[in-house]
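Encoded as structure tokens, the structure appears first; notes follow it.
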Amino acid sequence: MKKGILLLSICCCLVVKSYAQDSLRDSIKLTLKHSPKTFVGFHNRNTFIRSNQTKLYGIIAGLDYNKKIKLFVGLYGFGQENKTELINNSDFVEDTVTRYLSTNNLSIGIDYTYFTKGKFRLSVPLQIGFGGLYQEYFSRGDIIKSDQSALFPIETGTNAYLELLPWTGIKAGVGYRLSLGNKNVLKLTSPYYNLGLAVLLGELYKSIKN
């Protein structure tokens, strides 16, 4: 938890330092005066569930202001349920219990581009969301317990994007996902990273249409 808060603080400090010569507030106000373009895209991140690597998938939609500021909403969930065998766990009378874990959440976010050179961009994303953590426990094929917890994820980091075509490019990023909630939710707090091809569905549709 302390490491996550420290990383969030470092990211915020980097943004402030990058704009020491210009007012960040004035820059945002000026950018938001541009007419926005709608966009739709996918997010694909590598993250962890209690030290087990998994993928977090999301679909987002929002407004792009002059390729400087993106405001968006997104729906996220793990790519597959996390399965864990609990052996001689003190919470159960059964010798072996299988736990299935999954989450989903809705987030609102902003992505601010603080460096641009040619077709290369660096940006800082910030997302705040709410959703749920779902757990089911099975023994010999029968469900013996289930529970649901509220989940409030906060994410930030830094992204790099190299445009190859108007509708696609190479994207890489690192960051931290801080999960707020009860003790089960807190265990989902972890770093994340991504590297791969990014496709802007809105721009792709325009290219095909034209």
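A short reminder: the numbers here are calculations on the coordinates, not readings from a lab. If you're wondering where the values come from, they're calculated on a predicted model, not measured in any experiment. Methodologically, a virtual Cβ is constructed for each residue, glycine included, from the backbone with ideal geometry; neighbour enumeration extends over all protein chains shown.
Observations, loosely collected:
- For T54, the amide hydrogen comes within under 5 Å of the amide hydrogens of T47, F48, I49, counting only partners 5 or more places away or on other chains and with H modelled in the peptide plane.
- Springs join every pair of Cα atoms under 10 Å in this Gaussian network model of the chain, and among N46, N88, N159 the largest mean-square fluctuation is at N88.
- Reported label for calculated Cα Rg over 2.2 N^0.38 Å given (1) 1.07; (2) 1.18; (3) 1.33: (2)
- If only the Cβ of Lys and Arg carry +1 and only the Cβ of Asp and Glu carry -1, the dipole of segment 142-210 around its Cα centre is close to 40 debye.
- About its Cα centre, the dipole of the chain is roughly 940 debye, where the only charges are +1 on Lys and Arg Cβ and -1 on Asp and Glu Cβ.
- Karplus-based coupling profile of segment 54-64, in residue order and whole Hz: 8, 10, 10, 10, x, 10, 10, 8, x, 10, 10, with θ = phi - 60° in 6.51 cos²θ - 1.76 cosθ + 1.60 and x standing for Gly or Pro.
- Mean separation of Cα contacts under 8 Å (6+ apart) over length of the chain, as relative contact order %: 18
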